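Visitor: Take a look at the following structure, please.
Bear in mind that the values in this text are calculations on the coordinates, not laboratory data. For clarity, every value in this text was computed on a predicted model and none was experimentally measured. Don't worry about glycine lacking a Cβ; one is built from the backbone with ideal geometry, like all the others, and counts go over all protein chains shown.
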Amino acid sequence: MSEKLITNTDAPHHAGSRDGEAPRPARKAAGTAELPLAKAINAGLRKAMGDDSKVLLMGEDIGPLGGVFRVTEGLQAEFGEKRVLDTPLAESGIIGTAIGLAMRGYRPVCEIQFDGFIFPGFDQITSQLAKMTNRHEGQVQMPVVIRVPYGGHIGAVEHHQESPEAYFAHTPGLRLVSPSTPNDAYWMIQEACRSNDPVMFFEPKSRYWHKGPVDLTGSAAPLHASRVVRTGSEVTLVGHGAMVTVLLQAAELAAAEGTSVEVIDLRSLSPIDYSPIIASVRKTGRLIVASEAPGFVSVSSEIAATVTEAAFYSLEAPVLRVSGFDAPFPPAGLETIYLPDADRVLEAVDRAMAY
Amino acid sequence: MAESVEMVQLLSADGVMQSGATAEEYLPYIEKLSDDELRQFHRDMVVIRRFDVEAANLQRQGQLGLWVPSMGQEAAQVGSARAARDHDHIFPAYREHAVAMVRGVDVLGIIGLLRGTTHGGWNPAESKNFHLYTLVIASQTLHATGYAMGIALDGLHATGDPDKDEAVIVYFGDGATSQGDLNEALVFAASYQTPQVFFLQNNHWAISVPVSVQSRVPLVQRASGFGIPGVQVDGNDVLASFAVTAKNLDEARSGAGPRFIEALTYRVGAHTSSDDPTKYRTDAELQSWIARDPITRFETWLRSRGEGDAFFAAVDEEAEDFAADIRTRTHELGTPSIDKMFDHVYSDPHPVTAAQKQWLEDYEASMGSDS
């Protein structure tokens, strides 16, 4: 398949990192707030609901409790029970009724409580929601957002630390995005609410409590644009969600060892904005794709294959993947072993450089 | 374990109007019908049965990949569909050919589904809100419930004006009662008190599995467990199906909450043209239901009221013409455009489908010039 098939040339990208582990000054410029990622989503939802009376929230425990992660805290009190629906405990029911509400002209934002609990809704997402516009030959739109807290690093029990993105990325008709910073979370949730297509909004739950500056008065970057968050010249690292923080740590460590690493935050998993990735690989000649998900048939596999097709002659080394293992997410006592950390990324950097 | 349930029946199997307390409750809905409206019930049932036969023939002749027969279920479908108001929304499963026709769908769209020219076939917004067929069993019950939640959020039920109040009716079969989605739909409907009628056509067979495997109790009894009033109706009695549905739809639209109707009927034909019902059910059972045929019964009653041969002959001729027109237009259905594959995967522009469409166009063009 030719490069034009996979390159989203319309999507601009933006350089410059706002995240990372390094402490930053508490910048409080006009219109800028220092918010944890969960609060940034909350603020974005509040804005989206204020902008469009058809946006409504539905999910388990999202009303008075504000969701198990408090992402919707205060929204029912502010907008009422007709805009923030505490639903019965049934994921298929949440997605299936959201489809009917979308047919009626609403723009439902569904909260799935944890990544591993999305599967009771899998049929409604993949066989119904994703195909509804196509089945109707464009006569019906499906502006439904599905928010999914995902990923590990929180020491939780089974089904609470998974990364199920690939199941949905494989399904035509869905759009998948994942913010890694509070600023992106604030803007991307609003853009997701504006989309006329279903958007799966994967929230890196281990980042919920990390603060970052949120530009409340700016404008949204394109929802499906990837972004260079650290420039470098020898190796390109690509990841999304909480993995971006790990990649930035790895880049810092690599720099100390004398290797210049570029880091790209995917932001969008479907479609993937390949322009910055391919441009970067043409410069560095080396690509490492990292994610918490198991590597077999993953978003990382797809990127590896596509970049190999598109930039084969620029590659100095095979595209490498750093991923969770192809085993069920382990008991939390093993999660630091299972989840890729900066050292695992650096091991791949060393292999790529040695080629 | 199963308690007896009183089934609403207005016309006996031999076409005699019933009396008694239950009938009295529903007869006012029938008394309001004009002679023309009653004749239309017969016309609907006869035409859709002839359509069903024609489509089955087309399948056997290789013109359709598959056919889904509706024979035997005409009264349940026509009665309930005629009870809905034009502004109501109807969510079918995939055997509701009579409901589709009553709502003004060009049923060639159903032919297109089974000939492989479309996954849709009609625009619900232009078909008196008759939504698309849904093939995954019970999935549509949740869409219907969500839609009804939307009506309630819009405040367009319980206004006190039945001409303005909207309602939803969703069709499903006995097999669907075992699915999680229907049970979740009933939970949501009860929680949000949706203006909605759940219309179960119990045709006694989910492909080869009898309803006794789906449930140890009459299915209508399931409703009360969800806090939803339920009623069982003779689904081969078009008058009872009409009256019971009209009453329950109006209760739902008035704000009384969701309703559940179990219509007892029978799938006289196979599940689909790929099925062989002689492998799993007896001829005696089939014959016992043919003896309760909905069209014969209603014709008997119409004749008893003085309807003459001329009317029935005219309807038969109309049905023949309808079938001939379907046959002609089936042959005229072309190959779907490649655009259909790409253009509506997403509503907003999408780089992957756009690029793959372009690639395919270039590929096809590169192949086609010298053939």
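Visitor: Given a cut-off of under 8 Å on Cα pairs at least six residues apart, what relative contact order in percent is computed for segment A:33-215?
Guide: After rounding, I find 28 percent.
Visitor: Shifting gears a bit: Would you please calculate the Kirkwood hydrodynamic radius of segment B:237-278 over all C-alpha pairs and express it in Å, rounded to one decimal?
Guide: Values: mean 1/r = 0.0787 Å⁻¹.
Result for segment B:237-278, one decimal place: 12.7 Å.
Visitor: Quick one, can you get me the convex hull of the C-alpha atoms of segment B:1-121 expressed as volume per residue in Å³?
Guide: Residue-normalised Cα hull volume stands at 167 Å³.
Visitor: Let me ask something else. Go from 0 up to the bin containing the longest alpha carbon distance in segment A:33-215, width 5 Å each, and give me the % of pairs per bin.
Guide: All Cα pairs, binned at 5 Å, distribute as 2, 9, 18, 23, 23, 16, 7, 2, 0, 0 percent.
Visitor: Between 0 and 90 degrees, rounded to the nearest ten: what's the tilt of helix A:37-51 against the longest Cα principal axis of chain A?
Guide: 50
Visitor: Rounded to two decimals, what ratio of Rg to Rh does chain B give with C-alpha atoms and a Kirkwood Rh?
Guide: Rounded to two decimals, Rg over Rh is 1.00.
Visitor: Amide H of A:LEU269: which non-local residues (sequence gap of 5 or more, or other chain) have their own amide H closer than 5 Å, using H built in the peptide plane?
Guide: Under 5 Å from the amide H of A:LEU269: A:LEU176, A:VAL177, A:SER178.
Visitor: Enumerate the lysines that A:LYS211 could reach by cross-link, defined here as Cα to Cα under 29 Å, with residues fewer than 8 away along the same chain left out.
Guide: A:LYS28, A:LYS39, A:LYS47
Visitor: Which order, highest average first, do A:102-110, B:254-262, B:55-63 follow once you tally other Cβ atoms within 10 Å for each residue and take the mean per peptide? Each step should come with its number before you reach the end.
Guide: Details: A:102-110: 24.2, B:254-262: 21.9, B:55-63: 16.4.
Peptide ranking by packing, descending: A:102-110, B:254-262, B:55-63.
Visitor: Using 7 Å Cα-to-Cβ label points, what is the B:ALA125/A:LEU65 separation (nm, one decimal)?
Guide: The modelled label-to-label distance comes out at 3.8 nm.
Visitor: Separate question: For chain B, calculate the relative contact order in percent as a whole number, restricting contacts to Cα pairs under 8 Å that are 6 or more residues apart.
Guide: This gives 24 percent for chain B.
Visitor: Through the Karplus equation 6.51 cos²θ - 1.76 cosθ + 1.60, θ set to phi - 60°, convert the phi angles of segment B:170-180 into ³J(HN,Hα) values in whole Hz; use x for Gly and Pro.
Guide: So the J values, rounded to whole Hz, are 10, 9, 7, x, 5, x, 5, 5, 8, 6, x.
Visitor: On average, how much area does the Cα convex hull of chain A cover when viewed from any direction, in nm²?
Guide: Result: a mean projected hull area of 17.3 nm².
Visitor: Compute the signed sum of charges (Lys and Arg +1, Asp and Glu -1) over the other residues within less than 12 Å, Cβ to Cβ, of A:VAL297.
Guide: Net charge in that neighbourhood comes out at -2.
Visitor: Taking every pair of Cα atoms in segment A:227-354, average 1/r, invert it to obtain the Kirkwood radius, and report Rg/Rh to two decimals.
Guide: On the way: Rg = 13.5 Å, Rh = 14.3 Å.
Looking at segment A:227-354, the ratio lands at 0.94.
Visitor: Multiplying the sequence separation of A:HIS159 and A:TYR355 by 0.36 nm and subtracting their Cα-Cα distance, what value in nm do you get?
Guide: 66.7 nm
Visitor: Using a 7 Å offset from the Cα along the Cα-to-Cβ direction at both A:ILE337 and B:GLN287, what is the distance between the two label points in nm, to one decimal?
Guide: Inter-label distance under the simple model: 7.2 nm.
Visitor: Of B:LYS164/B:LYS247; A:LYS205/A:LYS283; B:LYS128/B:LYS247; A:LYS54/B:LYS164, which sit over 25 Å apart, Cα to Cα?
Guide: In this structure, A:LYS205/A:LYS283 lie more than 25 Å apart at Cα.
Visitor: Skipping prolines and chain starts, which residues have an amide H placed within reach, meaning under 5 Å, of the one on A:VAL145, given they are 5 or more residues away or on another chain?
Guide: Sorted by chain and number, the residues that satisfy this are A:VAL109, A:CYS110, A:VAL199.
Visitor: Quick one: angle between helix A:342-354 and the longest Cα principal axis of chain A, in degrees between 0 and 90, rounded to 10, please.
Guide: Rounded to the nearest ten degrees, it is 40.
Visitor: Moving on to the next point. Extension gain B:GLU31-B:ASP321, at 0.36 nm per residue separation less the Cα-Cα distance, in nm?
Guide: Full extension of this stretch gives 101.2 nm more.
Visitor: Binning at 10 angstrom from zero up to the longest distance, how are the C-alpha pair distances of segment A:89-170 distributed in percent?
Guide: 18, 48, 26, 7, 1
Visitor: What ³J(HN,Hα) values, in whole Hz, does the Karplus curve 6.51 cos²θ - 1.76 cosθ + 1.60 give for segment A:88-104 when θ = phi - 60°, with x put for Gly and Pro?
Guide: For segment A:88-104, the Karplus-derived couplings read x, 7, 7, 5, 4, x, 5, 5, x, 6, 4, 4, x, 5, 5, 4, 7 Hz, x marking Gly and Pro.
Visitor: In segment B:1-99, what chymotrypsin sites (Phe, Trp or Tyr not before Pro) fall in a loop by DSSP, with at most 15 other Cβ atoms inside 10 Å?
Guide: none
Visitor: What shape does segment B:249-371 have by the C-alpha gyration tensor, where a ≥ b ≥ c are the square roots of the eigenvalues, rounded means a/c under 1.5, and otherwise prolate means a/b greater than b/c and oblate the rest? Can you show the working numbers first?
Guide: Working: a/c = 2.29, a/b = 1.85, b/c = 1.24.
Judged from the Cα gyration tensor, segment B:249-371 comes out prolate (a/c at least 1.5, a/b above b/c).
Visitor: Quick one: what are the phi-derived ³J(HN,Hα) couplings along segment A:129-142, Karplus 6.51/-1.76/1.60 with θ = phi - 60°, whole Hz, x for glycine and proline?
Guide: 3, 5, 9, 5, 5, 4, 4, 8, 6, x, 7, 10, 10, 10
Visitor: Assuming R0 = 56 Å, can you tell me the calculated FRET efficiency for the pair B:ARG329 and A:ALA256, based on Cβ-Cβ distance, to the nearest 0.05?
Guide: 0.15
Visitor: Then there is this: Could you work out Rg/(2.2 N^0.38 Å) for the protein assembly as shown, with Rg from alpha carbons only?
Guide: Ratio of Rg to 2.2 N^0.38 Å for the protein assembly as shown: 1.09.
Visitor: Also, quick follow-up: How many partner chain Cβ atoms sit within 10 Å of a residue's Cβ in peptide B:130-142, on average, as a whole number?
Guide: Values: counts 0, 4, 6, 1, 4, 2, 4, 0, 3, 7, 4, 4, 12.
Average neighbour count from other chains, rounded to a whole number: 4.
Visitor: Provide the gained length on full extension for the span A:THR217 to A:PHE325, in nm with one decimal, where the gain is 0.36 nm per separating residue minus the Cα-Cα distance.
Guide: Separation in residues times 0.36 nm, less the Cα-Cα distance, equals 34.7 nm.
Visitor: Rounded to the nearest 5, what % of DSSP beta bridges with both residues in chain B are antiparallel?
Guide: Expressed as a percentage, antiparallel bridges in chain B total about 10.
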